[in-house]
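The values are calculated or read from the model by the stated rules, or taken from the named source; none is laboratory data. This one's a predicted model, so the numbers in the text were calculated from it and none came from an experiment. Methodologically, a virtual Cβ is constructed for each residue, glycine included, from the backbone with ideal geometry; neighbour enumeration extends over all protein chains shown.
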Amino acid sequence: MDQKMMFKQMLTFQKTTFDNSFNAMAAMQEQGEKMVNTFLEQAEWLPEEGKKAVANWISAYKEGRTKYREAVEKNFEKVEEYFSVSEAKTK
């Protein structure tokens, strides 16, 4: 088997693995967010500032999660582009 083809298959496998793992993590975080929101709705003793702090925390981790995914996808694209250019040069 050609080494480039093998590497492309490994890259595809890694990207698929990342996507599946990331989606599972995102689903768990979204479920956790739902639980926290339900708790906050029922926690009459918690001051409004505390609820805002939790909302800011949730917003921050969502933003971080989005930026992380974008960075990983951008780097996968760079590697794929590198091998596409390399493959074109050898032909």
Residue match in the range 67-84 (condition: modelled with pLDDT of 95 or more and in contact with a Phe, Trp or Tyr (Cβ under 7 Å, 6 or more places away or on another chain)): yes
Candidates ASN20, ASN37 - the one that is out of contact with any His (no Cβ under 6 Å at 6 or more places or on another chain) and either touching a residue at least 24 places away in the same chain (Cβ under 8 Å) or surrounded by 12 or more Cβ atoms within 10 Å (Cβ to Cβ) (or both): ASN37
All positions within the range 1-16 that are under 17 Å from VAL85 (Cα atoms) and either loosely packed, with under 12 Cβ neighbours inside 10 Å or touching a strand residue (DSSP E or B) at 6+ places or on another chain (Cβ under 6 Å) (or both): ASP2, GLN3, MET5, MET6, GLN9
Cβ pairs under 6 Å, 6+ apart, first in the range 55-69 and without any contact (Cβ under 8 Å) to a residue 40 or more places away in the chain, second in a helix (DSSP H, G or I): ILE58/GLU33
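Are any of the residues in the range 47-54 over 24 Å from the mean Cα position of the chain (by Cα), of a type in the set (Gly, Ala, Ser) and either assigned to a helix (DSSP H, G or I) or loosely packed, with under 10 Cβ neighbours inside 10 Å (or both)?
Checked the range 47-54: at least one residue is over 24 Å from the mean Cα position of the chain (by Cα), of a type in the set (Gly, Ala, Ser) and either assigned to a helix (DSSP H, G or I) or loosely packed, with under 10 Cβ neighbours inside 10 Å (or both).
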